[in-house]
1. Would you point out the residue of segment 186-243, among those that are small (Gly, Ala, Ser) and crowded, with 18+ Cβ neighbours inside 10 Å, that is nearest to the chain's Cα centre (by Cα)?
2. Between a first residue in segment 158-180 that is touching a residue at least 24 places away in the same chain (Cβ under 8 Å) and a second residue that is open to solvent by 70 Å² or more (accessible area, probe 1.4 Å), which pairs have beta carbons less than 7 Å apart while being 6 or more apart in sequence or on different chains?
3. Which residue out of 373, 413 is under 28 Å from residue 179 (Cβ atoms), among the basic types (Lys, Arg) and not in a loop (DSSP other than H, G, I, E, B)?
4. Return the residues of segment 1-29 that are loosely packed, with under 13 Cβ neighbours inside 10 Å and either among the β-branched types (Val, Ile, Thr) or at pLDDT below 90 (or both); say none if nothing qualifies.
5. Please go through segment 221-260 and give me each residue that is of a type outside the set (A, V, I, L, M), within 22 Å of residue 98 (Cβ to Cβ), part of a loop (DSSP other than H, G, I, E, B) and touching a helix residue (DSSP H, G or I) at 6+ places or on another chain (Cβ under 7 Å), ordered by number.
Amino acid sequence: MKSIAVQVTNYQALPDERGHFGIYGGRYVPEMLFPALEELEAAYLEAKKDPAFHKELNDLYTHYSGRPTPLYFCSNLSRQLQGAKIYVKNEGLNHTGAHKINHCLGQALLAKRMGKRRIIAETGAGQHGLASATVAAKFGFQCVIYMGEVDVARQRPNVFWMERLGAEVRPVTFGNKTLTDAVNAALKDWIENVRDTYYLLGSAVGPHPYPTIVRDFQSVVGREVRKQLQEQEGRLPDYIIACVGGGSNAMGIFYEFLNEEKVHLIGVEAGGRGIRPGEHAARFQGGRLGVVEGFKSFFLQDEDGQIMKTHSVSAGLDYAGVGPEISYLWESGRVQASYATDEEALEALQVLIRTEGIIPALESAHAVAEAIKLAPKLDRDKIIVVNLSGRGDKDIFIIAEALKDIKWQEFLKSKVNHPEHVT
């Protein structure tokens, strides 16, 4: 429940000098990490002012990642729903298949600038881990990826590619064995190896200055949407919808429009199997203020303040916390929070595939589900933009199982029963 009213004139002016978005954010870490975070902040502020840094990053965005990604009008889906026009910003067409490459390229350049030799990262769905392993290969960093044991099993294709890229994937076997536990394992590694290691954080979370750094590198998404929609429609969107795990893709598309108050911003969390304790990852549906993993924000907690078990069909949204800027924007009323259940996300995935021939990641399918619910309620001259944070290749095992695809299951059994075919 929202606790305070927030009066804001410039949403893009935060964080303050201590990394706070209102009461959220900050830097709550062991004392020995303060010098590393201050070193990172100084390096980032210096890089922001350096034209050579931006030139190199923009060159990588264009020639390595493949930006700008398309803003595509879903004419078939819009016609079927008989309501608002739906566009999708297809970040799945980035190199490595998701928006994660945006902040990984930026942070890899920072790590190189800071003289680091080793990068570590945490990942849930595997897209951030894959992007981290990719930039490590390109820039020559030693790379260790922490990943919950549960996520290692359900995102095996990404694990395979991370290892081929030269990264060591370390399964995390404590806690719920998902993203929250991977973050804790990565923080422990960083504390022990802070001198030569850069922690390449995977979302707009963590202690200051990480939420700002990730948001800034991701904000290229929103800048492109403004330009592309101006070219196609000659105006701003009426609604922007993005899924919310930590908040990197949401802040990436929201930030450009924070001060455009006629543009409605909707963040969609994971409703899982329903809004019951332990069955979802919708932090704004029962979460409480807390300090975890070095920052203050909303977290799903039990009565003793311990992090609760979460569930989502989407590994990337299966996270007990949410970024501090998203919490601030929700409390201020600038961002509306919604959620989609596993069932709704799977249905939305199939609808987008069959109407437009686009296979979204399960994370993104939650945002598509919200658009499908909203569009028929709006006039046909209204415009909705959905941020497709990634493509669904990585989710093939989860989706095939959830949809009970018999032919696919028989194919997998044949590979297990005849291992000579795969060796």
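1. To start, the set of residues in segment 186-243 that are small (Gly, Ala, Ser) comprises 186, 202-204, 206, 219, 222, 234, 242.
Next cut, crowded, with 18+ Cβ neighbours inside 10 Å only: 186, 202-204, 206, 219, 222, 242.
Values: 186: 17, 202: 7, 203: 6, 204: 8, 206: 13, 219: 13, 222: 14, 242: 9 Å.
In this case the residue turns out to be 203.
2. 169/163; 171/149; 172/149; 173/149; 176/309; 177/149
3. On the way: 413 fails: under 28 Å from residue 179 (Cβ atoms).
Answer to the selection: 373.
4. Matches in segment 1-29: 1, 2, 3, 4, 5, 7, 9.
5. Looking only at segment 221-260, we keep the residues that are of a type outside the set (A, V, I, L, M), and these are 222-224, 226-228, 230-235, 237-239, 243, 245-249, 252, 254-257, 259-260.
Now drop any that are not within 22 Å of residue 98 (Cβ to Cβ), which leaves 222-224, 226-228, 237, 243, 245-249, 252, 254-257.
Going one step further and asking which of them are part of a loop (DSSP other than H, G, I, E, B), we end up with 237, 245-247.
237, 245, 247, listed by residue number.
Table: residues versus (1) closer than 21 Å to residue 226 by Cβ; (2) touching a strand residue (DSSP E or B) at 6+ places or on another chain (Cβ under 6 Å); (3) surrounded by fewer than 24 Cβ atoms within 10 Å (Cβ to Cβ).
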{"residue": "363", "(1), (2), (3)": "no, yes, no"}
{"residue": "378", "(1), (2), (3)": "yes, no, yes"}
{"residue": "384", "(1), (2), (3)": "yes, yes, no"}
{"residue": "390", "(1), (2), (3)": "no, yes, no"}
{"residue": "393", "(1), (2), (3)": "no, no, yes"}
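The values are calculated or read from the model by the stated rules, or taken from the named source; none is laboratory data. Every value quoted in this text rests on a predicted model; they were computed, and no experiment measured them. Note that each Cβ is placed from the backbone with ideal geometry, even for glycine, and that neighbours are counted across all protein chains shown. Just the protein is used for accessible areas: all its heavy atoms, side chains included, with ligands, DNA and RNA removed. Shrake-Rupley method; radii C 1.70, N 1.55, O 1.52, S 1.80 Å.
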